[in-house]
1. Please enumerate, by chain and number, the lysines with C-alpha under 28 Å from the C-alpha of Lys119, excluding those fewer than 8 residues away in the same chain.
2. What residue among Asp167, Asp108, Asp249 shows peak mean-square fluctuation when the chain is described by a Gaussian network model with Cα springs under 10 Å?
3. Can you tell me which lysines have their Cα less than 21 Å from the Cα of Lys194? Leave out same-chain residues fewer than eight positions away.
4. With the dipole of segment 4-245 worked out from charges on the C-beta (+1 for Lys and Arg, -1 for Asp and Glu) around the Cα centre, which of Ala101, Pro139, Tyr234 lies farthest toward the positive end?
5. What ratio of Cα Rg to 2.2 N^0.38 Å holds for segment 119-263?
6. Taking Lys91 as the anchor, which aspartates and glutamates have their alpha carbon closer than 18 Å to its alpha carbon, excluding any fewer than eight residues away along the same chain?
7. Projecting each Cα onto the charge dipole of segment 4-245 (Lys/Arg +1, Asp/Glu -1 at the beta carbon, about the Cα centre), which of Gly160, Ser38, Gln207 comes out farthest on the positive side?
8. Stretch Ala82-Thr15 to full length: gain in nm at 0.36 nm per residue minus the Cα-Cα span?
Amino acid sequence: MTIIDHELTDLATPTGPMRTHVLRPAAEGRYPGILLYSEIFQVTGPVRRTAALLAGHGFVVAVPEIYHEYEAPGTVLAYDTAGADRGNALKTTKPLDAYDADARAALDFLRTHPASTGKLGCMGICIGGHLAFRAAMNPGVLATTCFYATDIHKHGLGAGMNDNTLDRIPEITGEMLMIWGRQDPHVPLEGRLKIHAALEAAGTFFQWHEVNGAHAFIRDEGPRYNPVLAQQCYGLALEMYKRRLGEGDVMAAKDGGAGETRH
């Protein structure tokens, strides 16, 4: 892994500026881009650490605040009942076309970023898994990882709770990595089977992994965290991204970082 930089930018969208966290290798060069979608709690510590992991492996990572229309820039919802209630309420308040417009803005930003090769991937967790799945429908997205993507099987994303995600699967042209926890009550077996059948019917190029984990098993806070499974799953994702998106330029300075002092 290499030293990374972290910056903030506000991307223009039809529903207002979208605060976006950008993490990338500090070493000069160009690197593939990954659009990372958070859980309903927005850009929490665990999500930032996931972004840092990806950036440290040689990617430019953009992490948008998914509820930018409703919350002040920088807002992070707590991992508690109040935070979950707010995040779930906003999930079905925001219109579906606003989520899709956000994806286009973030992907355009990554495609044209001066540190980007223009090769694009996506990753998402929980609601972010669903948003990454929809972002994969955009042209040029070559690889997408979805961690226990919620609501795809029941058309439950966005205002009106009547999304068309399953119907639009034929628009996905890149590789999909679908990861599920068998002990996750949010996506039961019948829901997983419905999504799997739709991917098969569309001829999608995808990997499918089910593990013995609960919802949020990759979140490195709280009782459901499973570090062994998290490491295994990140390994699957990194293999796919490097195979489909390619390597970046210079991964790190020879001395491990410019001006580094050894102690």
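1. Straight-distance partners of Lys119: Lys242, Lys254.
2. Looking only at Asp167, Asp108, Asp249, the biggest GNM fluctuation is shown by Asp167.
3. In chain and number order, the partners are Lys154.
4. So the residue furthest toward the plus end is Tyr234.
5. Numbers: Rg = 17.2 Å, N = 145, 2.2 N^0.38 = 14.6 Å.
Rg over 2.2 N^0.38 Å, computed on Cα atoms: 1.18.
6. Those aspartates and glutamates meeting the cut-off are Glu39, Glu65, Glu69, Glu71, Asp80, Asp100, Asp102, Asp151, Asp163.
7. Farthest along the dipole direction, towards plus: Gln207.
8. Details: separation 67, 0.36 × 67 = 24.12 nm, distance 2.51 nm.
Length gained between Ala82 and Thr15: 21.6 nm.
No lab work stands behind these numbers, since they all come straight from the coordinates. This one's a predicted model, so the numbers in the text were calculated from it and none came from an experiment. Here the Cβ is made from the backbone with ideal geometry for all residues, glycine too, and neighbour counts use every protein chain on show.
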